[in-house]
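The values are calculated or read from the model by the stated rules, or taken from the named source; none is laboratory data. Since this is a predicted model, take the numbers as computed values, not measurements. Glycine gets a Cβ as well: all are built from the backbone with ideal geometry, and neighbour counts include every protein chain shown. Areas reflect the complete protein model, heavy atoms only, side chains present, ligands, DNA and RNA absent. Shrake-Rupley method; radii C 1.70, N 1.55, O 1.52, S 1.80 Å.
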Amino acid sequence: MSTPVDDGAVARLPRPCRRALLMAAVFLISCGGGVDSGGTGAPMAPSFASGAITGFGSVIVNGVRFDDSSAVVTDAAGNARSRNDLRLGMTAEVRGSAIVIDAAGNSVATARSIVFGSEIVGPVVANDLVARTLVVLGHSVDIAATTVFESSLAGGQAALAIGDIVEVYARIDTATGHYSATRVERKAAAASFELRGVVAGLDTAARQFSLGSTRISYAGVPDSGVPAALANGRFVRVMLNATIGAGGIWTAVALTDATSRIDDGDDADVDGLISAFVSVNQFSVNGTVVDARSASFPNGSAGIALGRRVEVEGRSVAGVLVATRVTLVTEGSGSGEEFDVSGAIVSVDAAAQTFTLRNVVVSYSGSVDFRNGTAANIVVGQRLEAKGTLSADGTRMQASSIEFDR
């Protein structure tokens with residue numbers, strides 16, 4: 001007699017254990033032609049992950065290693081890009097094959113498409129190093145210990161000057177109107193500015209709305225260019241004229257709907273801030289609707305509220321993420337704080353004790369746990385895996401461990 005599976009117990013298992021159990025079930029079904037397989041051993045539905053990039057070798061998002069060697073990469077505007085354009089801290093949506101567990105116990109999949117996009121492109125009008133905030137296009141940008149700064153910005157936030165044009169990848173906090181930066185880059189120039197946010201104060205007669213404190217006119221955008229779904233509470237991405245208009249109103253030159261479209265699938269994983277909240281069982285993360293009625297809450301549900309960061313795992317049905325697990329993420333919890341890069345070394349600076357791998361500068365100074373080799377093995381072409389946290393200025397990864405390929 002078979003024993004029923006306790007879905008709640010499965011949901012409480014750590015991801016690798018759940019993946020292993022799921023793969024075991026898939027194996028049994030493919031051998032025996034179980035329920036819904038029709039005896040064909042058909043593959044599981046595709047996967048979806050949304051969050052900040054925390055590693056390379058394969059692109060790592062929410063702890064899943066997506067092989068990006070054959071992925072179609074685009075930016076938020078739909079422009080074709082290359083996997084070499086991807087950087088640590090960029091916010092991305094990855095669609096891929098079913099997630100499985102490899103021999104090393106990692107969650108892995110093959111990425112079919114990767115879309116990355118920033119939240120703000122505009123000039124710095126205030127830079128508070130003590131409060132660790134920037135103000136860009138009237139919006140407060142919070143800098144954290146996990147905020148990545150491009151390597152050319154030696155000193156990180158301190159290297160930015162008033163008037164510098166920056167591109168900010170971030171999580172939007174609809175409770176405070178702040179942007180929690182995951183990556184900051186300085187741009188040489190910008191013909192136009194960009195802003196992604198939640199529509200408020202929509203006036204369809206005057207053709208105006210607000211994103212936070214920024215009032216925007218879309219009077220010059222043709223009807224064909226206005227999203228049909230434009231409404232209060234909806235995420236949009238706006239391209240703005242670089243010169244502010246009369247009365248402090250910015251002029252939109254392009255407008256697109258920017259609410260995440262999550263495909264149906266057996267494996268969905270979204271990391272972000274709660275952008276709308278009804279109850280602990282019904283809320284949205286970065287615009288994605290979550291049904292958490294059957295979910296487990298390993299860190300408890302008391303802190304689930306508007307603006308709080310969560311990682312939600314489950315399956316997606318008709319655009320809704322039906323959660324099996326909702327994890328409340330807090331600073332210092334370890335989630336998203338460790339970075340991981342692997343592959344062949346591209347360049348080495350022996351004097352500075354750094355090397356570059358997949359556009360990431362890695363420092364191997366100080367206390368590093370070397371495995372299968374020593375610092376002497378750090379040479380161009382050597383393949384390795386490095387794990388660590390960001391340097392104090394966020395411009396490089398400080399390795400805590402380096403394992404050389406045998």
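Points worth noting:
- Positions within the stretch 344-359 being over 24 Å from the mean Cα position of the chain (by Cα), within 20 Å of G55 (Cα to Cα), not in a loop (DSSP other than H, G, I, E, B) and not polar (S, T, N, Q), in sequence order: A344, V348, F355
Residues checked against (1) within 19 Å of the chain's Cα centre (by Cα); (2) closer than 24 Å to P227 by Cα; (3) not in a loop (DSSP other than H, G, I, E, B):
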residue	(1), (2), (3)
T251	no, yes, yes
T256	no, yes, yes
I262	yes, yes, no
A268	yes, no, yes
A276	yes, yes, yes
S284	yes, yes, yes
V290	yes, yes, yes
S294	no, no, no
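- Note on the stretch 153-211: among residues that are of a type in the set (K, R) and open to solvent by less than 20 Å² (accessible area, probe 1.4 Å), the one that is nearest to D257 (Cα to Cα) is R196.
- Restricting the stretch 360-393 to residues that are outside any strand (DSSP E or B) and touching an Asp or Glu at 6+ places or on another chain (Cβ under 9 Å), the residue that is farthest from S152 (Cα to Cα): N372
- Matching residues in the stretch 226-283 - criterion: being under 24 Å from D173 (Cβ atoms), charged (D, E, K, R) and in contact (Cβ under 8 Å) with a residue 60 or more places away in the chain: R237, D269, D271
- Taken together, T110, T74 contain a single residue that is of a type in the set (S, T, Y), in a strand (DSSP E or B) and open to solvent by 40 Å² or more (accessible area, probe 1.4 Å), which is T110.
- Candidates S294, S284: the one that is at pLDDT 95 or above and farther than 26 Å from I53 by Cβ is S294.
- Condition check for N241: modelled with pLDDT of 95 or more, open to solvent by 70 Å² or more (accessible area, probe 1.4 Å) and not basic (K, R): no
- For the stretch 205-225, filtering for residues that are within 32 Å of the chain's Cα centre (by Cα), free of Cβ contacts under 8 Å to residues at least 12 places away in the same chain and not in a strand (DSSP E or B) leaves 3.
- Filtered residue count, the stretch 113-133, keeping only those that are assigned to a loop (DSSP other than H, G, I, E, B) and open to solvent by 30 Å² or more (accessible area, probe 1.4 Å): 4
- Residue ID - nearest to T330 (Cα to Cα), chosen from residues in the stretch 134-147 that are in contact (Cβ under 8 Å) with a residue 24 or more places away in the chain and assigned to a strand (DSSP E or B): D142
- Being of a type in the set (D, E), touching a Leu at 6+ places or on another chain (Cβ under 9 Å) and either at pLDDT 95 or above or open to solvent by less than 20 Å² (accessible area, probe 1.4 Å) (or both) holds for only one residue in E337, E385, E311, and it is E311.
- Residue satisfying all of: in the stretch 340-382; among the polar types (S, T, N, Q) and crowded, with 19+ Cβ neighbours inside 10 Å; nearest to G57 (Cα to Cα) among these: S342
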